[in-house]
Every structure is written in structure tokens, then in C-alpha cells.
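Student: Input: one structure, supplied below.
The values are calculated or read from the model by the stated rules, or taken from the named source; none is laboratory data. Quick caveat, the model's predicted, so the values are computed rather than measured. Note: ideal-geometry Cβ built from the backbone for every residue, glycine included; neighbour counts use all protein chains shown. For accessibility, only protein heavy atoms count, side chains too; no ligands or nucleic acids. Shrake-Rupley method; radii C 1.70, N 1.55, O 1.52, S 1.80 Å.
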Amino acid sequence: MDSENQERHRGGSRVFTVLFSVVVVLIVLGAFTLFQRRAQYQALAKETEVLAIPTVAVIHPAAEASQEDLVLPGNLQAYVESPIYARTNGYLKKWYHDIGSRVQKGDLLADIDTPEVDQQLSQARADLNTAKANAHLSEITAVRYAELIKTDGVSKQEVDNAVGDLEAKKAIVQSSEANVRRLEELESFKHIYAPFSGVITRRNVDIGTLINAGNGGSSQQLFFLAQTDPIRVYLSVPETAAPSVHAGLSAFLELTQYPGQSFEGKVVRTAEAIDTATRTLLTEVDVPNHNGALLPRVYAQVHLGVKVSGARLQVPVNALLFRSEGLRTVVVDPDHKLHLRQITVGRDYGTSLEVLQGLDVKDWIVLNPADSLEEGQEVRVKELAVNAAPAAGKQQAPAQGSNKQ
């Protein structure tokens with residue numbers, strides 16, 4: 001009996017041990033599964049966080065070679081240019097100079113046939129003669145009445161009437177004379193003279209053309225006259241170089257039409273104020289043009305005798321960000337944070353721009369920056385080999401390697 005009890009006790013202990021072992025194994029497996037899932041969740045969260053950080057392509061600004069003068073683009077303009085309009089109505093009778101003709105001040109350019117004005121002038125002169133005759137008759141009457149009143153042959157009222165009539169007739173004479181002078185001046189406008197010396201660049205009329213007086217737009221221009229000696233160029237000098245630009249500063253032009261030649265000139269005046277829209281100083285350069293080699297509206301490169309100081313960099317146009325507050329570039333600091341940097345640009349080279357202020361040659365700038373980029377945003381960087389900083393040696397990227405976090 002005792003043996004059976006012991007055997008049963010041993011069997012129960014084995015079952016309990018087996019069940020306890022199974023429970024322990026299940027607990028261990030459950031804990032391992034939970035730990036594994038937690039590790040997976042953490043890895044997924046970390047990967048998601050990493051993928052949420054945008055990757056940007058960065059390059060260094062390129063340093064420009066130093067130079068002794070400031071080179072700016074400009075368009076040549078005539079020193080004086082003006083459209084020639086008619087001051088009287090009629091038909092063009094004859095023109096004397098065509099395009100390309102060089103004329104002197106006072107040269108006759110054209111004649112206008114003005115029959116209506118001629119008849120008005122004849123009528124005005126006849127009216128003047130009538131007014132003079134009436135005034136002379138009134139003067140005789142007034143003199144006679146002045147003598148008769150001494151013998152009481154007329155009344156004082158009659159004398160006053162005669163004197164008043166004489167003054168009125170004199171006023172009519174003056175009015176008629178003024179009308180005659182006006183029509184004479186108007187008739188003199190039938191002859192079109194050059195207001196200054198220059199070259200005829202446009203002729204818009206021919207014989208028989210109906211001419212209307214006044215500035216009625218481009219369709220009423222008879223001629224277009226331009227004085228091209230000297231010729232002038234207007235420049236927009238960057239704000240950083242504005243203090244060095246003044247009247248009398250030497251300058252010369254280079255044109256693609258005349259390779260290897262330069263045309264000497266000088267700065268004659270500046271606007272003495274910075275344009276807030278472009279942050280530039282409007283400057284005028286005059287260049288002698290005795291042989292007429294320089295033509296108005298031609299593009300030229302203008303070299304100013306200004307020693308350029310400070311570092312000048314170039315950045316591609318696709319590194320610029322246009323914001324309402326102005327032109328910006330996006331710079332990445334060593335901590336992979338973005339900063340929107342305000343810059344001052346100089347010359348436009350087409351695919352790149354000259355940067356005068358706001359960047360350093362060691363800065364990393366973002367190519368093709370998205371409008372969604374914000375100040376202080378964290379990014380990953382990818383260094384591009386193109387347009388790397390020249391000469392000074394390759395700078396180290398903010399990260400330890402390309403496309404690193």
C-alpha cells in the first residue's frame with residue numbers, strides 16, 4: 001500500500017515537473033517574441049525617421065580669378081536722339097535727306113505744302129489792313145472832336161465816345177497783328193529743319209503724304225534724328241563697387257564686332273543713389289565716336305578702371321532660391337542643418353551668377369533646392385564632383401563621407 005502511494009507521488013511529481021517546464025518554455029518563448037517584435041518596431045521607426053530626412057546634393061561655390069578692373073554689360077545709346085514731328089497740317093512737298101544722311105543743325109530736311117494756312121495768313125493780313133484803316137479813321141475823328149470841344153461845337157460825351165472808339169480800334173489792330181504773327185509762325189513750320197547735328201536713322205514719310213500737326217504717335221514721325229558723337233553707355237554698377245565709381249573714372253569698351261580693339265571713354269556722371277529694386281548704381285560712360293564705328297543699341301562689355309577687391313564667387317543658377325524677401329541660397333552647416341543665406345549678385349554669365357556677398361568658398365550650397373526647405377531643417381548630404389572648389393584644394397564635406405547621415 002505504501003509502495004503504491006509512493007509510486008503515485010512520484011508520477012505526480014513528474015507530471016508537475018513536465019508541466020512546469022512547458023510553462024517556463026512558453027514564457028521564455030513569449031518573452032523572446034516580444035523582445036524581437038520590439039526590436040523590429042524600433043528598427044522600423046529608426047529607418048522611417050532616417051528616410052524622412054531628405055537628401056540634398058551639395059557643391060562648393062567656385063572662386064573667380066582675380067582681375068584689375070570691373071567688367072559690366074551695357075547697351076550703346078545715341079548721345080541725343082529725337083523724333084521729328086510737324087507743327088502744321090498739309091502734304092509733304094519734298095524731302096531732302098534719307099536714312100544714313102549726316103546733317104548739321106539748321107539743315108533743311110523737308111518742305112510741307114500748306115495751302116490752307118497760306119489762305120488763312122492772307123485773310124489775317126487783310127483783316128489787319130481793315131483794322132488799321134478803321135483805327136486811322138477813329139483817330140481822325142477823335143482829333144477833330146478834341147478841337148471842336150474848345151469852341152463848344154461838340155459835347156464832352158461825344159469827345160469821350162470818339163476817344164473810346166479810337167482805343168477799341170487800336171486794340172483790334174493789335175489783335176489782328178498778333179493773329180498775323182501766329183499764322184506767319186505756323187506757316188514757317190512748313191520748312192522742317194534739323195534741331196541738332198546728327199544722322200537720320202529713320203524716314204517715315206514720302207512725297208504726297210498727309211501731314212497732321214502735333215505728336216500723334218510713331219505714325220506721325222517724319223524723321224528720327226540721332227547724335228552719335230559722342231556715344232553713351234548706361235551701366236548698372238553693383239552696390240559693392242559703387243563707392244569707387246565717380247565722374248572722370250577711366251573706362252573702355254570691347255565689342256564682338258571689333259575683336260582686339262578697345263574704345264576709350266570715361267564716366268561722366270552717376271545717379272548718386274542706389275536703385276532699391278536692383279541694388280545697383282546707374283552710371284553713364286561717354287565714348288568719342290568721330291568715325292561712327294559705334295552704333296546705337298549695340299551690346300558691349302564695359303571695363304571700368306576700378307580695382308575689384310574681396311572674394312568673388314560663382315554659383316550655378318540652379319542653386320538659387322527665389323523668395324518674397326529676396327534672392328537666397330541654401331547652405332548646409334557641419335551639423336547637417338539648413339540655413340537660408342541672403343546673397344548679393346553681380347554679373348550674369350547665363351548658366352551661373354557672380355556672388356559678391358553672402359557666401360564663402362568653403363560653404364556647401366544645395367543644388368535645386370525645393371521651396372519646402374526651411375531654416376534649421378536637418379538633411380543628409382550628397383557631394384557632387386562637378387563644380388567643386390578649384391585651386392584652393394578640395395574642402396571636407398559636412399559629413400564624414402558622401403551620402404552619409
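Student: Could you pull out the residue among Thr329, Thr351, Thr344 that is open to solvent by 70 Å² or more (accessible area, probe 1.4 Å) and either touching a Phe, Trp or Tyr at 6+ places or on another chain (Cβ under 7 Å) or β-branched (Val, Ile, Thr) (or both)?
Tutor: Within the list Thr329, Thr351, Thr344, the selection yields Thr351.
Student: Please state which one of Gly350, Gly376, Gly292 is touching a Lys or Arg at 6+ places or on another chain (Cβ under 6 Å) and either among the aromatic types (Phe, Trp, Tyr) or part of a loop (DSSP other than H, G, I, E, B) (or both).
Tutor: Gly376
Student: Being surrounded by fewer than 16 Cβ atoms within 10 Å (Cβ to Cβ) and either under 17 Å from Arg312 (Cβ atoms) or small (Gly, Ala, Ser) (or both) is the filter here, so list the residues in the stretch 354-376 that pass it.
Tutor: Asp360, Val361, Lys362, Ala370, Ser372, Gly376
Student: Now for a different question. For the condition assigned to a strand (DSSP E or B) and over 26 Å from the mean Cα position of the chain (by Cα), what is the one hit in His339, His303? Explain how you work it out, then say what you get.
Tutor: Values: His303 fails: over 26 Å from the mean Cα position of the chain (by Cα).
None of the others qualify; the one that does is His339.
Student: May I pose another question? Name the pairs whose Cβ atoms lie under 7 Å apart, with the first residue in the stretch 191-213 and more than 12 Å from Lys93 (Cβ to Cβ), the second among the acidic types (Asp, Glu) and assigned to a loop (DSSP other than H, G, I, E, B), and 6 or more positions between them or separate chains?
Tutor: Tyr193/Asp107; Ala194/Asp107; Ile200/Asp98; Arg203/Asp98
Student: Suppose we filter the stretch 306-336 for residues that are aliphatic (A, V, I, L, M) and in a strand (DSSP E or B); how many remain?
Tutor: 8
Student: Among the candidates His246, His191, which residue alone is under 29 Å from Lys266 (Cβ atoms), surrounded by fewer than 20 Cβ atoms within 10 Å (Cβ to Cβ) and out of contact with any Lys or Arg (no Cβ under 9 Å at 6 or more places or on another chain)?
Tutor: Working: His191 fails: under 29 Å from Lys266 (Cβ atoms).
Step by step, each of His246, His191 is checked, and only His246 is under 29 Å from Lys266 (Cβ atoms), surrounded by fewer than 20 Cβ atoms within 10 Å (Cβ to Cβ) and out of contact with any Lys or Arg (no Cβ under 9 Å at 6 or more places or on another chain).
Student: For Ala277, state whether it is part of a loop (DSSP other than H, G, I, E, B) and open to solvent by 50 Å² or more (accessible area, probe 1.4 Å).
Tutor: Taking the combined requirement at face value, the residue satisfies it.
Student: Determine whether Ala171 is open to solvent by 20 Å² or more (accessible area, probe 1.4 Å), of a type in the set (A, V, I, L, M, F, W, C), modelled with pLDDT of 90 or more and farther than 23 Å from Val117 by Cα.
Tutor: yes
Student: Would a scan of the stretch 134-141 turn up a residue that is surrounded by 13 or more Cβ atoms within 10 Å (Cβ to Cβ) and within 60 Å of the chain's Cα centre (by Cα)?
Tutor: No: the stretch 134-141 contains no residue that is surrounded by 13 or more Cβ atoms within 10 Å (Cβ to Cβ) and within 60 Å of the chain's Cα centre (by Cα).
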